[in-house]
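**Q** If you scroll down you'll find the structure; I have some questions about it.
Just so it is clear, none of the values below were taken in a lab; they were calculated from the coordinates. On a predicted model such as this, the values are computed, not experimentally measured, just so you know. Cβ coordinates were reconstructed from backbone atoms using ideal geometry, including for glycine residues, and neighbour counts include every protein chain displayed.
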Amino acid sequence: MSSKADWTTFLEPVDPDSSDRLFFSPHEWDTVEALSARIIPTDHDPGAREARVVVFIDRYLSGINYIFAAADGSGFLRIDGHYATAWRSRIADMQRTYRDGLAQLDARCRSEWGEPFVSLDEDRQDRALELLSGAPKPGPVTLGTTEPASTFTQFLTDDGLGFFDALCLHVKQGFYADPVYGGNKGRLGWRVIGFEGPEKLKDTMDGTYSTDSLFVQDYSWADLIPQLKAQTTWALPT
Amino acid sequence: MAVQKKPDAVDVVIVGLGASGGTAAKVLSEAGLHVVGLERGPYLRHDEHFSGDELKFVNRSYMWPDAKLTPRTRRVDDDEVAQPYPFSMTPQLVGGGTNHWAGWVPRPRPSDFLQRSLHGDVDGMSLADWPFQYEHLEPYLTKIEWEFGVSGIAGADRGEGFRSRPFPSQPLPPTRWGRKFYSAANEMGINAFPIPHAMVTNEHKGRRPFNRTSFWNQYGDPSGARSNTATTFIPEALATGNFELRSDCFVREVKVGKDGRATGVVYVDQTGAEVEQDARVVVLSMGAIETARLMLLSQSALFPDGLANSSGLVGKNATFHEYLFAIGFFDNEIDDPLYGWTGNYISGGTMDFYETDESRGHMGGCIVSSSQTCHPINMVFPGRPAWGQAFKDADRTFFNYAMKIGLILHDMPQERNRVDLDPTHKDFMGLPVARITHRAHENDRAMGRWQVDKNIEILEVAGARKTIPVYLDQVTGNTCHQHGTARMGFDPETSVLNEWCQTHDIDNVFVVDGSAFPTSLGVNPTLAMMANAWRSCEYIVDNYLPGRVERLAAARA
């Protein structure tokens, strides 16, 4: 078993235009693509369909080859040892969650409307997502209000999630993750929301990518911190 | 399993090479002692393994222990069955939590060391004074600031305790959301300043701090900007030639001899072989959860309830802090963008609400800092719509028009809040996992509510047009701050360690991480943990080991 420090890099960055299926059946692929298009719809900006979120999810569920990109984005890390065992078991669970979840979704759609999810019009697809989630379609976030929440953990894995919650999380990840994982094609997910992310992962390792210009350029500590004016001894380190 | 290897005995074996273990490695090996450091995780190379990959670092736990291999369980009350929960997980690799941290390193205040004297006996709490005071720690706070690298402006915090030296590095420029915080704070008469930051902005001690990517909190830093023991103290320890680092080694027991003293540790190495490493001194520094777990796992004829646990207090009085916050949204059609995702997590904070003010209806108080709203997948946005047009519209509208003002909740110790061994759940080695039992005190909730509401007020003065307060229900362990499970004190019946972090029961076992804290500080604990580790290791070098040698010589004569 090799240490995580010595995991080797293999494979290539995922091609977002690939139509090779590594996990989904053709029908599952089409269903997940249609679902993703209702979770992040296409409007005057591209949505999950154009970002190739389905490719991202298919690769994730295919096994443990596409879990961790190499730091420089040149390929993927070959997970080894206990971590490989843990990830195999995690992905096997998630494969079952998807396979069963998709089958149940279709069964529900057939019993309600006589057709599988992919054949429904968008309004019925949204209705099917409401049934799947057990909650109404989310309404718009509006200004002028205060909406309290409770504290939560910052440790954000998909362990233990059911089909609907996992799907929403994975669609979001496929829309916004670095393009090396197969989604966020051409960084279009980032462009939709105005995130000026790096062109390549490698650019985050050597100073090529910088957000310097988004910091405040003209400032004086003494203006920001009136306390300093009351001091005679403060001085910035040089 | 039988012991398969038994390397030569050393002066000191350190278990856990994070913030405090890294400090111990440096101080002990630079003093000429022969030291072995054992770390469960790998020794990653920052310039080779770290980059701005949100999915890998934030969602797929690349640097963290895998919850399937080393789970934890959690419950609120004793009559519940604890359930698996990633409570206060901390990165598992050389450098520990100094790899991923935002790096808030404010100094504690003199009041932090006197919580019982200041507040007396409070119902449900187990307050205790520290066995030393702020002024005893001050020289070591300064050593850490200079040796490890901390940026800040001396004199900017009007309530700071005595400081013997300014900072070695100046702060980053403010972010746009940070400037909003400064403006609102000034309008309200609040003393805003850059919270001291575990990073350098100049070429301190040969480091190249080129990382300005905004991939910071939870990411590894490929540059020399972040102060991380894996890139500072550990290489300095290795350079002495006296320190041997063994990564990917899982310590399962501290061994105790017939004379009641520790003989060393037993661990499983990367090849799966069981190894016994003898040492004259055992230093534990795995964090207050895993250190307590190892002590409770190390049962022997002389210590049937766990290592150095004659007081029965190992694992008890656990405190964890909690990160609470308030979000403010601005109007993308009227206001300027704030780029809440930019920066190095914190930009502008205050300690004006830190000391007890009885008119607020609770004791204690919090450190506050304006902080990043993070990257697209994990944008900090409670109530973010799960799907549909509302999701897309909300992200498009608010991603660049949000800011957040966070706080560290100063939770108070209660003896009932504890770490012990789970009766059913095991890790991949077959050892019982840590079980956390924790119920928030009413004072914790009241403090959180008051401060979150104050943060909302600041956001409103800053011009926020929608706010989201995030209050405390129960502690979820979302800060990685862990303290109290082997508290220091003078009395062996009411504490586990003495004022030098030496166990009362076993003179050659020292616990130098947050376990030693009798009360959680109101500030982020790492600066004080490292300073305390330095202070205790200096004691080992200057007093304990020399004295021991002399006493042995006398006894043998």
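**Q** Between a residue in the stretch A:158-180 that is at the interface with another protein chain (Cβ under 8 Å from one of its Cβ atoms) and any residue that is basic (Lys, Arg) and not in a helix (DSSP H, G or I), which pairs come within a Cβ distance under 7 Å, given they are 6 or more apart or on different chains?
**A** none
**Q** Within the stretch B:386-426, track down each residue that is in a loop (DSSP other than H, G, I, E, B) and either within 30 Å of residue B:367 (Cβ to Cβ) or more than 10 Å from chain A (Cβ to nearest Cβ) (or both).
**A** Answer for the stretch B:386-426, where residues must be in a loop (DSSP other than H, G, I, E, B) and either within 30 Å of residue B:367 (Cβ to Cβ) or more than 10 Å from chain A (Cβ to nearest Cβ) (or both): B:399, B:400, B:401, B:409, B:410, B:411, B:412, B:413, B:414, B:415, B:416, B:417.
**Q** Applying the selection to the stretch A:97-155, what residues are loosely packed, with under 12 Cβ neighbours inside 10 Å, over 30 Å from residue B:472 (Cα atoms), within 14 Å of chain B (Cβ to nearest Cβ) and without any contact (Cβ under 8 Å) to a residue 24 or more places away in the chain?
**A** Scanning the stretch A:97-155 gives a single hit, A:123.
**Q** crowded, with 21+ Cβ neighbours inside 10 Å and in contact with a Pro (Cβ under 9 Å, 6 or more places away or on another chain): does that describe residue B:502?
**A** Criteria not met by residue B:502.
**Q** Across the stretch B:263-281, what is the total count of residues that are free of Cβ contacts under 8 Å to residues at least 60 places away in the same chain and outside any strand (DSSP E or B)?
**A** 3
**Q** Also: I want to confirm something. Restricting to the stretch B:245-262 and keeping residues that are under 28 Å from the mean Cα position of the chain (by Cα) and without any contact (Cβ under 8 Å) to a residue 60 or more places away in the chain, which single residue is surrounded by the most Cβ atoms within 10 Å (Cβ to Cβ)?
**A** It comes out as B:255.
**Q** What do you reckon, is residue B:329 under 22 Å from residue B:17 (Cα atoms), buried (at least 24 other Cβ atoms within 10 Å of the Cβ) and within 14 Å of chain A (Cβ to nearest Cβ)?
**A** No.
**Q** All but one of (1) farther than 17 Å from residue B:179 by Cβ; (2) away from chain A (no Cβ under 13 Å); (3) touching a Lys or Arg at 6+ places or on another chain (Cβ under 9 Å); (4) touching a residue at least 60 places away in the same chain (Cβ under 8 Å) hold for residue B:301, so report the exception by its number.
**A** That leaves (4) as the condition not met.
**Q** Name the pairs: first residue in the stretch B:51-69 and closer than 19 Å to residue A:89 by Cα and within 7 Å of another protein chain (Cβ to nearest Cβ), second residue in a loop (DSSP other than H, G, I, E, B) and aromatic (Phe, Trp, Tyr), Cβ to Cβ under 7 Å, at least 6 apart or on different chains?
**A** B:56/A:68; B:56/B:62; B:60/A:68; B:62/A:68; B:69/B:428
**Q** Another question, then. Considering B:65, B:42, B:84, which residue is more than 22 Å from residue A:60 (Cβ to Cβ) and either crowded, with 19+ Cβ neighbours inside 10 Å or among the aliphatic types (A, V, I, L, M) (or both)?
**A** B:42
**Q** Quick one: residue A:83 ticks every box in (1) of a type in the set (Phe, Trp, Tyr); (2) touching an Asp or Glu at 6+ places or on another chain (Cβ under 7 Å); (3) part of a loop (DSSP other than H, G, I, E, B) except a single one, so which number is it?
**A** (3) is the only condition that residue A:83 fails.
**Q** I'd like to check which helices (runs of 4 or more DSSP H) are fully inside the stretch A:117-193 and have at least 2 residues that are charged (D, E, K, R) and within 26 Å of residue B:474 (Cα to Cα).
**A** none
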